[in-house]
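Engineer: Below is a structure I'd like to ask you about.
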């Protein structure tokens, strides 16, 4: 009896895989992988700059330059990793094994970010450059890019990818919540010094490791493309040419970049805003960030029925208008905490649709690329999109730290410094202008995005071609 039930369960799983249907345990396990990435990368994109300037005493301009240079290396590594994943063949598939292979190095690299030696400036700068690139350029790329492309290998059903994207992006902010809202209180609990940061990051790294292993165990590569094994191997040069001639690849690259830049702007400058404008670096930043992220999570899940009714592009377009208007209203009173709360809520509500659909869009672009070029490029498309996020975030961090330096910001390991008025004005202006640029950029890109309308016909033709053994 038990054996029959086991066979029935296995048969149901097999049928679901064949139909592209993903179970809730699989969806949650996949989302857990992004939570793990965000536990670490949430720290890198938000509080790491504050740690470098106010706990280690590194000049803001130096931090910005290191991050900018590193991001260009990071972007280059994405494309290399995309090519490596395309050529990977293992018993676990192409993308999935990298989640297993890189989980431990990733966790260790995150801890090393905070073990900066207290020594002469050049040694500190070199250490930061090496550890920052080991974490972001090597380990994060080698785990996050295969993780992203795995979704296109789990199902070909657009609505299932949409739901996978909704669950992923609905839960992934939990990583940022853990990392950002809990870090400052935990650091203060552990002694409010550099050692406290190392201990806190160790806790987050262990959580990330466990979630990555769960993701690896439960998420399988089930998509089988008829004719793909018989297709000729595409040279790297030709593959890159096909990639850059895919117009919708550029659209999702920009959208993914704006999504990343949005988190970088608010996450990086908001701690400075709370500390120096509102004079509260204990709980206010954590409260504001938690409010924004929880609102984002709620509205991402509310987007699920709206996607089916209005389409991915249309709800993301409407959201960008909300974010734009909300940020313009913040200009009326940027020195008020209630107005700051309004700004965080408007940004969360407005950008929730983009977060909900962006990875579903990338999966659709994979199918569009196969339809247009007869070549399927899951990993390269995700790699190219990831370049946009990393270079965009790197440029954003460099611009913000550069502007802080221009404003006369004073870095200090003690953290107890009175900043000049010029630095305070710069902090306010960065926070006012950054989210405005992001919302406007998303709006412009989406006005030219029309793949949703084409997608049903594209998939119909692909199914007919694959039935004949063609890509």
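Each reported figure results from applying straightforward, stated rules to the coordinates on display, with no laboratory input. Fair warning: this is a prediction, and the values are worked out from it, not measured in the lab. So basically every Cβ, Gly included, is an ideal-geometry build from the backbone, and we count neighbours across all protein chains shown.
Engineer: Taking R0 as 30 Å, what's the FRET efficiency between residue 225 and residue 437 from their Cβ-Cβ distance, rounded to 0.05? Can you show the working numbers first?
Structural biologist: Working: r = 39 Å, r/R0 = 1.31.
Taking R0 as 30 Å, the efficiency between residue 225 and residue 437 is 0.15.
Engineer: How would you order 113-123, 203-213, 355-365 from highest to lowest mean count of nearby Cβ atoms within 10 Å?
Structural biologist: Descending mean neighbour count gives 355-365, 203-213, 113-123.
Engineer: FRET efficiency for residue 126 and residue 421, Cβ-Cβ distance as r, R0 = 30 Å, nearest 0.05?
Structural biologist: 0.30
Engineer: Quickly work out the residue 318-to-residue 199 label distance, labels modelled 7 Å from Cα along the C-beta direction, and quote it in nm with one decimal.
Structural biologist: Taking the simple label geometry, residue 199 and residue 318 are separated by 4.9 nm.
Engineer: What shape does the stretch 34-159 take by its C-alpha gyration tensor, where a ≥ b ≥ c are the square roots of the eigenvalues and a/c under 1.5 counts as rounded, a/b above b/c as prolate, and the rest as oblate?
Structural biologist: Taking the square roots of the gyration eigenvalues as a ≥ b ≥ c, the stretch 34-159 is prolate.
Engineer: If one computes the Cα centroid of the stretch 296-340 and of the stretch 344-374, what distance in Å separates the two points?
Structural biologist: Rounded to whole Å, the Cα centres lie 16 Å apart.
Engineer: Another question, if that's okay. Go ahead and collect, in residue order, the members of the stretch 129-165 whose backbone nitrogen is under 17 Å from a label point 7 Å along the Cα-Cβ direction of residue 69.
Structural biologist: From the stretch 129-165, the list is 129-138.
Engineer: Please give the length that would be gained between residue 245 and residue 294 if that part of the chain were fully extended, namely 0.36 nm times their separation in residues minus their C-alpha to C-alpha distance (nm, one decimal).
Structural biologist: Fully extending the segment from residue 245 to residue 294 adds 13.8 nm.
Engineer: Now for a separate question. May I ask for the angle, rounded to the nearest 10°, between helix 96-112 and the longest principal axis of the chain, with both axes built from Cα atoms and the value confined to 0 to 90°?
Structural biologist: 10 degrees
Engineer: Here is a further query. Using 0.36 nm times the number of residues separating residue 88 and residue 304, minus their current alpha carbon distance, what extension gain do you get?
Structural biologist: 74.4 nm
Engineer: In degrees between 0 and 90, to the nearest 10, how far off the longest principal axis of the chain does helix 312-330 point, with axes built from Cα atoms?
Structural biologist: For helix 312-330, the angle is close to 10 degrees.
Engineer: What's the center-to-center distance, using Cα atoms, between the stretch 91-120 and the stretch 265-282 in Å?
Structural biologist: The stretch 91-120 and the stretch 265-282 have Cα centres separated by 29 Å.
Engineer: Between residue 118 and residue 283, 0.36 nm times their residue separation minus their Cα-Cα distance comes to what? Mind showing how you got there, number by number?
Structural biologist: Numbers: separation 165, 0.36 × 165 = 59.40 nm, distance 2.78 nm.
That works out to 56.6 nm of additional length.
Engineer: Counting every Cα pair in the stretch 101-192, what percent are over 18 Å apart? Don't jump to the answer; show the numbers that get you there.
Structural biologist: Numbers: 2679 of 4186 pairs.
The answer is 64 percent, as a whole percent.
Engineer: Between 0 and 90 degrees, rounded to the nearest ten: what's the tilt of helix 158-171 against the longest Cα principal axis of the chain?
Structural biologist: 30 degrees
Engineer: Using a simple spin-label model with points 7 Å from Cα along the Cα→Cβ vector, what separation in nm is obtained for residue 189 and residue 399?
Structural biologist: Distance between the two pseudo-spin positions: 3.7 nm.
Engineer: Moving to a separate point now. I'd like the distance separating the alpha-carbon centroids of the stretch 394-464 and the stretch 43-78, in whole Å.
Structural biologist: What the calculation gives is 16 Å, centre to centre.
Engineer: With 5 Å bins from zero, work out the P(r) of the stretch 181-276 over every alpha carbon pair and list the percent per bin.
Structural biologist: Computed distribution, short to long bins: 2, 9, 8, 10, 14, 15, 12, 9, 8, 7, 4, 2, 0.
Engineer: Now, a different point. How many nm separate the modelled label positions at residue 218 and residue 467, each set 7 Å beyond the Cα in the direction of the Cβ?
Structural biologist: For residue 218 paired with residue 467, the spin-label model returns 3.6 nm.
Engineer: Tell me, what is the Rg over Rh of the stretch 348-402, with Rh the Kirkwood radius over Cα pairs?
Structural biologist: Numbers: Rg = 14.5 Å, Rh = 13.0 Å.
Result for the stretch 348-402 is an Rg/Rh of 1.12.
Engineer: From a point 7 Å beyond the Cα of residue 450 in the direction of its Cβ, which residues of the stretch 314-334 have a backbone N at a distance under 20 Å?
Structural biologist: 314-318
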